[in-house]
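The structure under discussion is supplied below as C-alpha cells; questions concerning it will follow.
The values are calculated or read from the model by the stated rules, or taken from the named source; none is laboratory data. Computed from a predicted structure; not experimentally measured. Cβ coordinates were reconstructed from backbone atoms using ideal geometry, including for glycine residues, and neighbour counts include every protein chain displayed. Remember, those area values only see protein heavy atoms, side chains included, never the ligands or the DNA or RNA. Shrake-Rupley method; radii C 1.70, N 1.55, O 1.52, S 1.80 Å.
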Amino acid sequence: QIKKISFEFLDISQSNSETLNQILLNNKNIQNIKITNNKILGPEGVRGLSTGVDHNPKLLKIDLTSCDISDEGAISLSNSLFKNLEVKEILLEDNKIGEKGTKSISDKLIGKTSLKLLNLSHNKINSKGGFYIGNGLVDAQGIQHLLLGYNQIEDEGCEFISKGLEKNTSLVEINLENNNISNKGINSMCKFLKKNENLMEIVLSGNKITEIDSDFYALFNWLKTIKISDNPLNQSGIVRLFQ
C-alpha cells in the first residue's frame, strides 16, 4: 500500500532505475515519486523508469529536481506521462533542459493532461522555448502554476508566453524571475494580460526592468501578488508604480 517513494542525494544509476521501474510496475498505488539531487540518473535513468511511469494510473506527482536529465530525458518523460491523465505536479528544476525538451513537454503535457503545476526553473530555456510554452498554454485549461525562473527566456520569449496567457483561463501563478526581461518584455506581457483576470501572481524579480507601461497598472485590479524586486527601476518608474 506504499503511496510515496523518496530517494534524495543517492547515486541512482540506470540499472537502479530499472529496478525501481519494476517496483512501479508491481505497485499500482504509488502516487508520489521523488528522486532529487541525483546527478548520475541522467536521461538513461529516466528512460529506465519510463514503463513504470507510463503504467501507473494513480501517479499524481513526479519530482526529478537536479538529476541532469537534459533534453533527451525530458522527451522520454513526456512520452511516458502523455497517457497518464491523473498526474498533477511535475518538478524538473535544474536539469539542463533546452529547446527540444521544452517543446516535448509543451506539446505533450501542457494542456494534454490534468497537470496543475510545472516547475522548469534553472534550466536552459531560451526564447524559442518560450514560443513552445506559449503555444501549449493556448489550449491548457488545467495548469495553475508555471515556474520558469532562472532561464534565458528574454523579451521575445516573454511575449510568446504572454500571447498564450491571453487565451488561458486557468493559470494563477507565473514565475519569470531572472530571465533577462526588460521593459519591452513586461510591456508586451501587460498588453496580452489585460483581459486575463484569473492570474493572481506574477514574479518578475531579478530582471532588467527600469520602467513599466501604463497597461501594467490595469492588472492591479485583480492581481494579488506582484514581485519585481532586484530590478533597476528608475525614479520615474518607482513614482508611477506607487501612484
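Could you look through the range 209-243, keep only residues that are over 19 Å from residue 179 (Cβ atoms) and among the small types (Gly, Ala, Ser), and pick out the one that is surrounded by the most Cβ atoms within 10 Å (Cβ to Cβ)?
That would be 218.
Does residue 135 satisfy the criteria of being within 21 Å of residue 228 (Cα to Cα), in contact with an Asp or Glu (Cβ under 9 Å, 6 or more places away or on another chain) and not aliphatic (A, V, I, L, M)? Talk me through it step by step, then tell me what you get.
Values: within 21 Å of residue 228 (Cα to Cα): no; in contact with an Asp or Glu (Cβ under 9 Å, 6 or more places away or on another chain): yes; not aliphatic (A, V, I, L, M): yes.
It is false that residue 135 is within 21 Å of residue 228 (Cα to Cα), in contact with an Asp or Glu (Cβ under 9 Å, 6 or more places away or on another chain) and not aliphatic (A, V, I, L, M).
Can you name the residue in the range 22-34 that is assigned to a helix (DSSP H, G or I) and surrounded by fewer than 20 Cβ atoms within 10 Å (Cβ to Cβ) and, of all such residues, is farthest from the chain's Cα centre (by Cα)? So that I can check it myself, show each step before the final result.
Going through the range 22-34, the residues assigned to a helix (DSSP H, G or I) turn out to be 22-26.
Applying the additional criterion that residues be surrounded by fewer than 20 Cβ atoms within 10 Å (Cβ to Cβ) yields 22-23, 25-26.
Details: 22: 28, 23: 28, 25: 27, 26: 30 Å.
Here the residue is 26.
Still on this structure, I have one more. Scan the range 120-131 and give yes if some residue there is open to solvent by less than 60 Å² (accessible area, probe 1.4 Å), under 20 Å from residue 149 (Cα atoms) and of a type in the set (Phe, Trp, Tyr), otherwise no.
no
Confirm whether residue 177 is open to solvent by 10 Å² or more (accessible area, probe 1.4 Å), within 23 Å of residue 97 (Cα to Cα) and touching a residue at least 40 places away in the same chain (Cβ under 8 Å).
Against the criterion (open to solvent by 10 Å² or more (accessible area, probe 1.4 Å), within 23 Å of residue 97 (Cα to Cα) and touching a residue at least 40 places away in the same chain (Cβ under 8 Å)), residue 177 qualifies.
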